[in-house]
Amino acid sequence: MRCPFCKADNDKVIDSRSTSDGNSIRRRRECLACNKRFTTYERTEAQPLVIIKKDGTRQPFDRNKILDGIRKACQKRPIETQKIEDIVSRIELELYERFEKEVPSMEVGELIMKELRELDSVAYVRFASVYRAFQEAQDFVEAAQRVGDKK
């Protein structure tokens, strides 16, 4: 494993443990060259899923796209990074459990919205505004009301 700081290929594992969902192993490492610490995750490699976009095109499933979208929605919100990682892991697990090879992108978006709705109302409305392509202020009001209805 290369150090993300100095790029040396010489480290030691300090701690290993399963993540809360049990689907990956979190390893805390220390670079022997620069002594900085970093975290890596080890996951089993499953048969790759393909996402079917709204226009019918297909692209390989990319966990990082979900992670980036959720991070943007949660930007400047008091949400721990680990909670975001846990959400992405739950979504990924559910997709692999429910679908064999191909997943409509709509399913991914709905799972993200479900998780964000439970996590943070502002993040939910932010994500919904992009995902649902809000055009008017009324769209925001309706999304905010849906969040209010959950409570």
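The values are calculated or read from the model by the stated rules, or taken from the named source; none is laboratory data. This structure is a prediction, so every number in the text was calculated from the model and none was measured. Every residue, glycine among them, receives a Cβ derived from its backbone with ideal geometry; neighbour counts consider all protein chains shown.
Of the residues Ala143, Ala133, which single one is surrounded by 17 or more Cβ atoms within 10 Å (Cβ to Cβ), farther than 26 Å from Thr19 by Cβ and free of Cβ contacts under 8 Å to residues at least 60 places away in the same chain?
Ala143 is the lone residue from the list that is surrounded by 17 or more Cβ atoms within 10 Å (Cβ to Cβ), farther than 26 Å from Thr19 by Cβ and free of Cβ contacts under 8 Å to residues at least 60 places away in the same chain.
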One residue is enough: does region 100-123 have a residue meeting the conditions free of Cβ contacts under 8 Å to residues at least 24 places away in the same chain and closer than 30 Å to Ser16 by Cβ?
yes
Single condition Ile84 does not satisfy, out of (1) touching a Cys at 6+ places or on another chain (Cβ under 8 Å); (2) surrounded by fewer than 19 Cβ atoms within 10 Å (Cβ to Cβ)
(2)
Out of the residues in region 1-60 meeting the condition of being of a type in the set (D, E, K, R) and within 19 Å of the chain's Cα centre (by Cα), tell me which one is farthest from Val103 (Cα to Cα).
Arg27
If we keep only residues of region 18-36 that are of a type in the set (D, E, K, R) and at pLDDT 95 or above, then the residue surrounded by the most Cβ atoms within 10 Å (Cβ to Cβ) is Arg29
Residue among Thr39, Thr57 that is out of contact with any helix residue (DSSP H, G or I) (no Cβ under 6 Å at 6 or more places or on another chain), among the polar types (S, T, N, Q), assigned by TED's automatic domain parsing to the domain that holds Asn10 and exposed (fewer than 15 other Cβ atoms within 10 Å of the Cβ)
Thr39
